[in-house]
Amino acid sequence: MKKQLIALTLLLSGVVHADAVDALRDFARDVKSGKANFTQTVTSPDGKRKKVSSGSFEFQRPNQFRFVYAKPFEQTIVADGQKVWIFDADLNQASSRKLADALGATPAAVLAGTNLERDFALKAAPADGGLDWVQATPKQAESTIQSLKLGFKGKELAAMEIVDGFGQRSRLDFSAVQANVPVAAERFQFKLPAGADLIEQ
């Protein structure tokens, strides 16, 4: 009886995790635009130092997104489909680079890109913290991230966890998620503020 119970538990957990992979595939296929708020916690490789920031996120497929960090420092990241712009309000400085060079196998590619399974190998990960997780491993050897996990609550994207090439861990927790809502086109257009410096890469 105990063996049967263990087998049943494993089977059910496998079904749950497979659903998380399906939820990510459905998200990539069916959610064409969206908005959310986020809280980001960055933890140093030794696990001792943490930095918390918050802001809002908007996207429109294909390859348009806008991250706005409001606290503790203001920073805006905008992709218009051709280029990615990063504006640091404190420095009054912007940088830009071609989208193809910047996007690749990155978290933004999962959220706003169009080629999820071309860029990532997807695998179910153990449920944790009330969320079902999917491991998305970059297929590009030169990717700047070691690992990427996405957490779903049912069909809704709730969290994302990234470990970069230096072992630094970033976790984004999403709230007030709105899927397939219209987002104004100008939200994905970057206008250089007056007096700001521009560095093109």
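Each reported figure results from applying straightforward, stated rules to the coordinates on display, with no laboratory input. Treat the numbers as computed from the prediction; the structure is a model and nothing was measured. In this analysis, Cβ positions are derived from the backbone assuming ideal geometry, glycine residues included, and neighbour counts consider all displayed protein chains.
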> Near Lys83, which lysines are there with a Cα under 19 Å away, not counting those fewer than 8 places off in the same chain?
Replying inline: Lys98, Lys191
> Taking Cα atoms, how many degrees apart are the long axis of helix 2-30 and the longest axis of the chain, rounded to 10 and kept between 0 and 90?
Replying inline: 30
> Which of the listed residues, Ala159, Val84, Ala185, is farthest toward the dipole's positive end in the chain, when Lys, Arg count +1 and Asp, Glu count -1 at the beta-carbon?
Replying inline: Ala159
>> Please list, ordered by chain and number, the residues whose modelled amide H lies under 5 Å from the amide H of Val31; skip anything fewer than 5 residues away on the same chain.
In response: none
> For a label point 7 angstrom out from the Cα of Glu200 toward its Cβ, which stretches of region 58-98 have the backbone nitrogen within less than 18 Å?
Replying inline: 78-87, 93-98
>> Cut-off under 16 Å on the C-alpha distance; same-chain residues fewer than 8 positions from Lys139 excluded. Which aspartates and glutamates are left, in chain and number order?
In response: Asp101, Glu117, Asp119, Asp164
> Using the Kirkwood formula over every pair of different C-alpha atoms, what hydrodynamic radius in Å results for region 122-201?
Replying inline: 15.6
> Looking only at Asp132, Asp19, Asp90, which one moves most when the chain is put into a Gaussian network model with springs between Cα atoms under 10 Å?
Replying inline: Asp90
> Pairs Lys123/Lys149; Lys50/Lys71; Lys51/Lys155: which are spaced more than 18 Å apart, C-alpha to C-alpha?
Replying inline: Lys51/Lys155
>> Could you derive backbone 3J(HN,Hα) for region 126-139 from the dihedral phi with the Karplus parameters 6.51, -1.76 and 1.60 (θ = phi - 60°), listing whole Hz in sequence and x where the residue is Gly or Pro?
In response: x, 5, 7, x, x, 10, 9, 10, 10, 8, 10, 9, x, 7
>> Under 17 Å between alpha carbons, and skipping anything fewer than 8 positions from Lys153 in its own chain: which aspartates and glutamates qualify?
In response: Asp19, Asp22, Asp26, Asp30, Asp128, Asp132, Glu161, Asp173
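Quick check: convex hull of the Cα atoms in region 2-200, volume per residue, rounded to a whole Å³?
Numbers: hull volume 27.1 nm³, N = 199.
Considering the Cα atoms of region 2-200, their hull volume per residue is 136 Å³.
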> When Ser33, Ser56 are ordered from fewest to most other Cβ atoms inside 10 Å of their Cβ, what list results?
Replying inline: Ser56, Ser33
